[in-house]
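S.K.: This is the structure I have questions about; it appears just below.
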Amino acid sequence: MRGIISAGGYVPYRRLDRSEIAAFFGSGGGRGTRSVAAYDEDTTTMGVEAARFALQGAPAGTEPRSLWFATANPAYLEKTNATTIHAALRLDQSSPAIDTGGAVRSGVGSLRAALDSREPVLVVSADLRGGLPTSTDEAAGGDGASAFLVGDDDTAPVIAELVGAASATEEFVDRWRTPGDANVKQWEERFGETKYVPLGEQAWNAALKAAELTPEQVDRLIMAGTHARAIRSLTRRLGVAQEAVVDDLAATVGNTGTAHAGLLLAAALETAEPGQVIAVVSLVDGADVLVFRATDAVASYASARPVAAQVENSGVLPYSRFLSWRRVVTVDPPRRPEPDRISAAVAGRTRDWKYAFVGSRDESTGALHLPPARVSREGGAIDEMERAPMSDVPGTIATFTIDRIAYSPSPPIVFAVVDFDGGGRLPIELTDVEADELTIGNRVEMTFRKLFTADGIHNYFWKARPIRTDR
Amino acid sequence: MASHGIKDQVAIVGMGCTRFGEHWDKSADDLLVDASEEAFASAGVAKDDVDAYWLGTAMSGMSGMALARPLQLQNKPVSRVENFCATGSEALRGAAYAVASGAYDTAMAIGVEKVKDSGYQGLVGAGKTPTDGTGRTLTAAAMFAMCVPAYAKRYGVDAEEMREVLAHISAKNHYNGARNPRAQFRREVSTETICASPLMAGDLRVYDCSGVADGSAAAVVVRAEDAHKYTDSPLYIKALSFVAGNCSGNADPDYDYTSFPEIEAAAADAYAQAGVTDPRREIAMAEVHDCFTPAELLIMEDLGFAERGTAWKEVLAGTFDLHGEIPVNPDGGLKSFGHPVGASGLRMMFEAWLQLRHQAPEERQITTDRSIGLTHNLGGYPGEMVSFIGLVSPELG
């Protein structure tokens with residue numbers, strides 16, 4: 001039996017209230033909120049978070065043999081982004097890490113390919129969606145990521161078995177963006193609708209046939225894609241009861257593009273019951289349909305970080321800050337030097353620390369060293385250290401400060417001395433935090449972020465953020 | 001194995017110190033020429049009479065040639081040294097130990113920094129060492145700001161009292177600096193102005209932070225027995241101590257940001273070298289590293305001028321005011337002088353040179369029956385710093 005072993009959805013902490021857009025520009029926006037990646041997040045960091053949740057939700061010791069990363073908004077071209085995720089997760093060096101991105105369809109496409117593959121595969125999708133101010137893409141888009149550990153039940157219990165899949169492909173131009181362009185362009189809506197609806201019906205019928213199911217037997221229907229009007233039309237034609245259609249998170253998160261079908265599927269799996277049939281329909285440059293049946297194992301499956309809880313726990317982001325984070329407007333920076341580019345050689349040497357947040361622990365005294373050290377702070381032992389992975393260890397704020405004058409892509413810097421559970425300390429930057437909400441004793445967790453970019457090189461490292469959602 | 005020190009083996013016989021400030025029209029070379037000329041004249045020597053030179057600069061030049069070229073030194077040994085904000089004091093250690101060793105008869109320690117040319121606010125790190133980008137990028141102000149809530153919480157000082165304490169330190173140093181023609185800022189500042197100034201980091205306001213200035217200072221040192229060949233009133237070195245921290249405060253959850261262990265250790269060593277047993281009653285005056293007002297507060301306890309948890313009361317009681325029991329930063333400190341990194345340690349020693357020999361201007365000359373002056377630098381941040389302490393006296397024994 002092949003299917004999904006575990007899933008992770010990641011929704012960034014910040015929300016933009018869409019009504020702020022019209023309040024500022026006089027047009028655009030809409031109702032509800034959309035999720036916004038923080039200034040220190042990109043598709044790679046969001047992918048890391050979703051992948052961490054997916055692996056945390058899998059039985060201990062379950063390791064993917066391959067990592068695939070899909071995004072329409074890659075942090076790098078030419079250089080593989082999946083290798084960063086691979087490093088953050090400390091996957092085995094013999095596992096390939098491959099980008100499948102470029103187009104939005106690569107998200108669902110990678111999931112399907114993984115389901116058709118043999119080895120355990122970790123499939124990660126992430127997207128950062130936006131558009132020109134007042135555009136539909138700006139308001140309706142969302143940022144987020146999803147990840148699935150896909151495999152056979154001889155690796156670990158499968159919680160959702162793939163029982164049918166089908167696609168329909170046809171070349172037509174609906175939405176496009178050439179390399180170097182920031183924003184997507186779109187053909188008039190009706191043309192796309194006339195293409196998408198029949199393709200969707202074709203794939204839907206083929207998938208149900210393969211699964212030997214009728215539309216009435218579908219308990220949960222996930223509708224995703226890049227063409228909202230076509231999705232609405234098609235939903236009405238599938239023969240599935242309206243109650244079975246799952247919340248598409250449009251009112252709270254927005255459409256997370258490459259990640260979205262996965263994000264909705266991860267959320268659906270969090271509440272799935274054994275035997276339920278979950279169908280995913282995605283309309284992006286054609287149609288892809290995946291039909292799953294939840295297994296008995298889903299009853300004991302617990303998501304490491306439910307999507308619902310992340311949707312619930314959010315912080316408001318003013319539209320002014322959104323425009324600045326998206327570099328639509330540039331605000332006056334502090335009169336401090338911008339950072340130099342990092343050294344590839346040094347970062348290569350320290351990759352376990354930099355990307356995976358692994359320190360060293362004195363084998364005899366237990367003293368934790370962050371960053372890892374060869375000589376112990378206590379006792380003076382040399383090279384008698386064990387590796388201490390700390391990315392999943394929560395901590396407590398010992399003291400903190402707000403730096404209003406240091407260089408930051410989004411001043412001020414909130415900085416704290418964090419004491420980790422079980423011993424060990426690191427003074428480190430905080431994120432997803434309001435400057436005035438902190439007190440000594442607050443609990444924090446580690447999150448993978450982009451500190452800055454210099455000479456086109458992204459400087460990834462870890463920050464701490466307040467614990468707001470149950471683990 | 002012991003730290004013996006060089007008590008009474010070496011004497012300062014001449015010093016120079018430029019005005020500190022925004023020297024837009026002067027280069028580091030110009031400042032070096034000005035400070036060294038004053039020091040040579042003060043000691044009554046020419047540059048060729050000095051056998052060896054130690055140049056302290058963190059970011060204004062590399063190698064001994066950064067001094068040999070502007071001064072046109074002919075075939076002289078020049079060591080360029082750097083040790084964070086204790087760089088100027090490090091130059092003095094090098095020169096003094098070289099003379100004490102017998103290797104040279106006469107040596108000069110000179111420090112310089114040209115900070116204002118960077119075009120940025122505050123100090124800008126000199127290091128361009130390639131890194132993995134995981135290091136902290138906070139300003140020093142933010143790092144020292146973390147001491148304020150930590151101290152207040154540990155000793156039960158409420159936020160308003162704490163503000164008053166920090167403002168008193170700032171106002172005191174500006175009061176002293178207003179009486180010093182070499183200071184960058186020569187204006188008294190009221191506590192009201194200090195408390196209303198813009199926030200920089202944490203609870204620290206503009207007037208809690210030292211300024212940024214260019215400057216240079218220099219000292220000529222000789223063996224103690226030769227001192228009177230140069231001057232009737234030499235200043236004898238009683239102790240020079242230095243601790244380079246192992247950065248354990250960054251990793252050790254027991255460190256609580258209410259003290260600077262590196263300073264405490266450097267003080268213990270310096271007092272032992274000099275035979276000082278009760279600093280509160282033996283030290284005549286101190287020039288300490290008031291980079292930020294909470295630093296000066298904690299330093300008072302680390303140096304043993306106040307019991308733990310009591311320095312804030314002593315500050316408010318005026319113990320460290322110009323005419324208090326132990327005047328601290330009678331020249332105005334980093335607050336009034338700014339902090340040209342390579343020069344600051346020697347600028348502090350210049351004030352000891354003036355005060356202990358009763359040559360300070362009347363309006364800030366301290367009156368005391370004690371003879372030992374203390375200079376102190378820290379370089380780095382709470383939890384990770386270097387610390388220097390020097391003790392000097394016009395008296396032998």
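S.K.: Can you tell me the alpha carbon radius of gyration of region A:1-69 divided by the globular rule-of-thumb value 2.2 N^0.38 Å? Mind showing how you got there, number by number?
M.R.: Numbers: Rg = 17.4 Å, N = 69, 2.2 N^0.38 = 11.0 Å.
Against the compact-globule rule of thumb, the ratio is 1.58.
S.K.: Which order do the peptides A:228-236, B:54-62 come out in when sorted by mean C-beta neighbours inside 10 angstrom, highest first?
M.R.: On the way: A:228-236: 17.1, B:54-62: 25.4.
For the peptides A:228-236, B:54-62, the packing ranking is B:54-62, A:228-236.
S.K.: Viscosity 0.890 mPa s, temperature 25 °C: give me the Stokes-Einstein translational D for region B:31-160 in µm²/s, with Rh taken as the Kirkwood radius over C-alpha pairs. Could the numbers behind the result be given before it?
M.R.: Numbers: Rh = 17.3 Å.
Rounded to a whole number, D works out at 141 µm²/s.
S.K.: OK, next. Mind pulling the per residue volume of the convex hull built on the Cα atoms of region A:349-441? Å³ is fine.
M.R.: On the way: hull volume 11.3 nm³, N = 93.
That works out to 121 Å³ per residue.
S.K.: Cα-Cα pairs above 19 Å in region A:225-300: how many percent?
M.R.: 37
S.K.: Nearest 20 debye, what's the magnitude of the dipole of the protein assembly as shown about its Cα centre given +1 on Lys and Arg Cβ and -1 on Asp and Glu Cβ?
M.R.: Numbers: 82 positive and 115 negative charges, 308 e Å.
Computed about the Cα centre, the dipole is about 1480 debye.
S.K.: Let me know the mean shielding of B:251-257 by other chains, meaning the per-residue number of their Cβ atoms within 10 Å of its Cβ.
M.R.: Neighbouring Cβ atoms belonging to other protein chains average 6 per residue here.
S.K.: Still on this structure, I have one more. Please list the non-local residues whose amide H lies under 5 Å from the amide H of B:G245, H modeled 1.01 Å from N, same-chain partners needing a gap of 5 or more.
M.R.: The answer is B:M385, B:V386, B:S387.
S.K.: Using the count of nearby Cβ atoms within 10 Å as a rough guide to exposure, how do B:I389, A:I440, A:I428 rank from fewest to most? Show your work: numbers first, answer last.
M.R.: Numbers: B:I389 30, A:I440 14, A:I428 22.
With the sparsest Cβ surroundings first, the list reads A:I440, A:I428, B:I389.
S.K.: Could I ask something else about it? For region B:276-331, give the magnitude of the charge dipole about the Cα centre (Cβ charges: +1 Lys/Arg, -1 Asp/Glu; no others), in debye to the nearest 20.
M.R.: Charge dipole, region B:276-331, about its Cα centre: 180 debye, nearest 20.
S.K.: Divide the volume of the convex hull of the Cα atoms of the protein assembly as shown by its number of residues and quote the answer in cubic angstrom per residue.
M.R.: Details: hull volume 151.6 nm³, N = 868.
For the protein assembly as shown, the hull spanned by Cα atoms encloses 175 Å³ per residue.
S.K.: Moving on to the next point. Determine the alpha carbon to alpha carbon distance for each of B:K172/B:K335; B:K26/B:K76; A:K354/A:K450; B:K26/B:K116; A:K354/A:K463; B:K116/B:K335 and list only those over 18 Å.
M.R.: On the way: B:K172/B:K335 10 Å; B:K26/B:K76 25 Å; A:K354/A:K450 11 Å; B:K26/B:K116 11 Å; A:K354/A:K463 11 Å; B:K116/B:K335 16 Å.
Distance filter (> 18 Å) returns B:K26/B:K76.
S.K.: Then there's this: For region A:57-181, what is one quarter of the convex hull surface built on the Cα atoms, given in nm²? List each step's numbers first, then the result.
M.R.: On the way: hull surface 38.6 nm².
For region A:57-181, averaging the hull's shadow over all directions gives 9.7 nm².
S.K.: Separate question: Can you spot the aspartates and glutamates whose alpha carbon is less than 17 Å from A:K79's alpha carbon? Ignore those fewer than 8 places along the same chain.
M.R.: The reachable aspartates and glutamates, counting only those whose Cα sits under 17 Å from A:K79, are A:D42, A:D99, A:D455.
S.K.: Continuing with this model, one more query. In region B:1-111, what percentage of the DSSP-assigned beta bridges are antiparallel, given to the nearest 5? Display every interim value, and only then the final one.
M.R.: Numbers: 0 of 10 bridges.
The answer is about 0 percent antiparallel.
S.K.: Here's another thing I want to ask about it. How big is the convex hull of the Cα atoms of region B:258-397, per residue, in Å³?
M.R.: Details: hull volume 14.4 nm³, N = 140.
Spelled out: Cα convex hull of region B:258-397, divided by residues, is 103 Å³.
S.K.: In whole Hz and in residue order, list the ³J(HN,Hα) couplings for region B:178-188 that follow from phi through the Karplus curve 6.51 cos²θ - 1.76 cosθ + 1.60, θ = phi - 60°; x for Gly and Pro.
M.R.: The phi angles translate into 5, 9, 10, x, 8, 6, 6, 10, 10, 9, 5 Hz.
S.K.: Which whole number gives the average count of other chain Cβ atoms within 10 Å of the Cβ atoms across peptide A:391-404? Could you put the intermediate results ahead of the total?
M.R.: Working: counts 0, 0, 0, 0, 1, 1, 0, 6, 12, 5, 15, 8, 13, 10.
Going residue by residue through A:391-404 and averaging, the value is 5.
S.K.: Another question about this same structure. In units of 2.2 N^0.38 Å, what is the alpha-carbon radius of gyration of chain A? Present the calculation step by step, with values, prior to reporting the outcome.
M.R.: Values: Rg = 22.4 Å, N = 471, 2.2 N^0.38 = 22.8 Å.
For chain A, the normalised Cα radius of gyration comes out at 0.98.
S.K.: Between 0 and 90 degrees, rounded to the nearest ten: what's the tilt of helix B:261-274 against the longest Cα principal axis of chain B?
M.R.: 40
S.K.: What percent of all Cα-Cα pairs in region A:203-267 falls in each 10 Å bin, counting up from 0?
M.R.: Reading the bins upward from 0: 19, 52, 27, 2.
S.K.: Let me ask you something else. Ranked highest first by average number of other Cβ atoms within 10 Å, how do B:78-84, B:44-50, B:279-285 line up? It would help to have the intermediate numbers written out before the result.
M.R.: Numbers: B:78-84: 20.9, B:44-50: 14.7, B:279-285: 18.9.
Ranking the peptides B:78-84, B:44-50, B:279-285 by packing returns B:78-84, B:279-285, B:44-50.
S.K.: For helix B:159-177, report the angle its Cα long axis makes with the longest principal axis of the Cα atoms of chain B; keep it between 0 and 90° and round to the nearest 10°.
M.R.: Roughly 30 degrees, rounded to the nearest 10.
S.K.: Over chain A, calculate the relative contact order: mean separation of alpha carbon pairs under 8 Å at least 6 apart, over the residue count, as a percent.
M.R.: 17
S.K.: Can you give the translational diffusion coefficient of chain B in µm²/s, computed by Stokes-Einstein from the Kirkwood radius over Cα pairs at 25 °C and 0.890 mPa s? Working shown, then result.
M.R.: Working: Rh = 20.7 Å.
Rounded to a whole number, D works out at 119 µm²/s.
S.K.: Enumerate the calculated ³J(HN,Hα) couplings along region B:367-374 in order (Karplus 6.51 cos²θ - 1.76 cosθ + 1.60, θ = phi - 60°), each rounded to whole Hz, writing x wherever the residue is Gly or Pro.
M.R.: 10, 7, 9, 8, 10, 9, x, 10
S.K.: Can you tell me the 0 to 90 degree angle between the C-alpha axis of helix B:87-100 and the longest principal axis of chain B, rounded to 10?
M.R.: It works out to around 40 degrees.
S.K.: I'd like the GluC sites (Glu not before Pro) in region A:47-139 restricted to DSSP loop residues with at most 10 other Cβ atoms within 10 Å, sorted by number. Before the final figure, lay out each step's value.
M.R.: Values: sites: A:E49, A:E78, A:E138; in loops: A:E78.
Answer in residue order: A:E78.
S.K.: Any idea how far apart B:D278 and A:Q217 come out in nm if each label point goes 7 Å out from Cα toward Cβ?
M.R.: My value for the distance between the label points is 9.6 nm.
S.K.: Just to confirm my numbers, what's the Cα centroid distance between region A:186-259 and region B:222-253 in Å?
M.R.: 78
S.K.: Loop-only GluC sites (Glu not before Pro) in region A:148-179, please: DSSP not H, G, I, E or B, and at most 16 other Cβ atoms within 10 Å.
M.R.: On the way: sites: A:E161, A:E170, A:E171; in loops: A:E170, A:E171.
For GluC sites (Glu not before Pro) across region A:148-179 that sit outside H, G, I, E and B with at most 16 neighbouring Cβ atoms in 10 Å, the list reads A:E170, A:E171.
S.K.: Sequence gap at least 6, Cα distance under 8 Å: using those rules, report the relative contact order of chain B to the nearest whole percent. Walk me through the intermediate numbers first.
M.R.: Numbers: 958 pairs, mean separation 104.5, N = 397.
Once divided by the residue count of chain B, the mean separation gives 26 percent.
S.K.: Shifting gears a bit: Could you tell me the center-to-center distance, by alpha carbons, between region A:376-398 and region B:279-355 in angstrom?
M.R.: Centre-to-centre distance over Cα atoms comes out at 37 Å.
S.K.: A further question on this structure: Note down the magnitude of the dipole of region B:1-75 about its Cα centre, charges +1 on Lys and Arg C-beta and -1 on Asp and Glu C-beta and zero elsewhere, to the nearest 20 debye.
M.R.: Details: 5 positive and 11 negative charges, 47 e Å.
With only Lys, Arg, Asp and Glu charged at Cβ, the dipole is about 220 debye.
S.K.: Right, here's the next one. Given the rule -39500 (n - 2.57) for each run of at least 4 DSSP H residues, summed and divided by the residues of chain A, what is its mean residue ellipticity at 222 nm, to the nearest 500 deg cm²/dmol?
M.R.: Values: 12 runs with 115 residues, N = 471.
Computed mean residue ellipticity for chain A: -7000 deg cm²/dmol.
S.K.: To check you understand DSSP bridge types, tell me what percent of the beta bridges within the protein assembly as shown (both residues inside) are antiparallel, rounded to 5. Please report the intermediate quantities before stating the final value.
M.R.: Working: 111 of 145 bridges.
Among the beta bridges of the protein assembly as shown, antiparallel pairing accounts for roughly 75 percent.
S.K.: Okay, moving on. Would you mind computing Rg(Cα) / (2.2 N^0.38 Å) for region B:124-216, counting N as its residues? Walk me through the numbers before you get to the answer.
M.R.: Numbers: Rg = 16.0 Å, N = 93, 2.2 N^0.38 = 12.3 Å.
So region B:124-216 has a normalised radius of gyration of 1.30.
S.K.: Do you know the relative contact order of region B:252-343, to the nearest whole percent, from alpha carbon pairs under 8 angstrom that are 6+ apart?
M.R.: Details: 88 pairs, mean separation 27.3, N = 92.
It rounds to 30 percent for region B:252-343.
S.K.: Count, for each residue of B:202-210, the Cβ atoms from other chains sitting within 10 Å of its Cβ, then give me the mean as a whole number.
M.R.: Details: counts 7, 2, 5, 0, 1, 0, 0, 1, 0.
The shielding value for this peptide is 2.
S.K.: Further, regarding this structure: If one computes the Cα centroid of region B:1-62 and of region B:88-135, what distance in Å separates the two points?
M.R.: 12
S.K.: Taking H placed 1.01 Å from N in the peptide plane, check which residues at least 5 places from B:D214 or on another chain put their amide H under 5 Å from its amide H.
M.R.: B:G21, B:E22, B:H23, B:V115, B:K116
S.K.: Principal axis extents for region A:240-392, Cα atoms only, whole Å, descending order, please.
M.R.: 68, 50, 30
S.K.: Restricting the count to DSSP beta bridges whose residues both fall in region A:13-164, what percent are antiparallel, rounded to a multiple of 5?
M.R.: Values: 12 of 20 bridges.
Roughly 60 percent of the beta bridges in region A:13-164 run antiparallel, per DSSP.
S.K.: List the trypsin sites (Lys or Arg not before Pro) in region A:117-205 that DSSP assigns to loop (not H, G, I, E or B) and whose Cβ has at most 12 other Cβ atoms within 10 Å. Which are they?
M.R.: Of the trypsin sites (Lys or Arg not before Pro), the ones in loops of region A:117-205 whose Cβ has at most 12 other Cβ atoms within 10 Å are A:R118.
Quick note: the coordinates plus some simple rules give every number you see, no bench work behind them. The structure presented is a predicted model; accordingly, all values stated were derived computationally and were not measured. Note: ideal-geometry Cβ built from the backbone for every residue, glycine included; neighbour counts use all protein chains shown.
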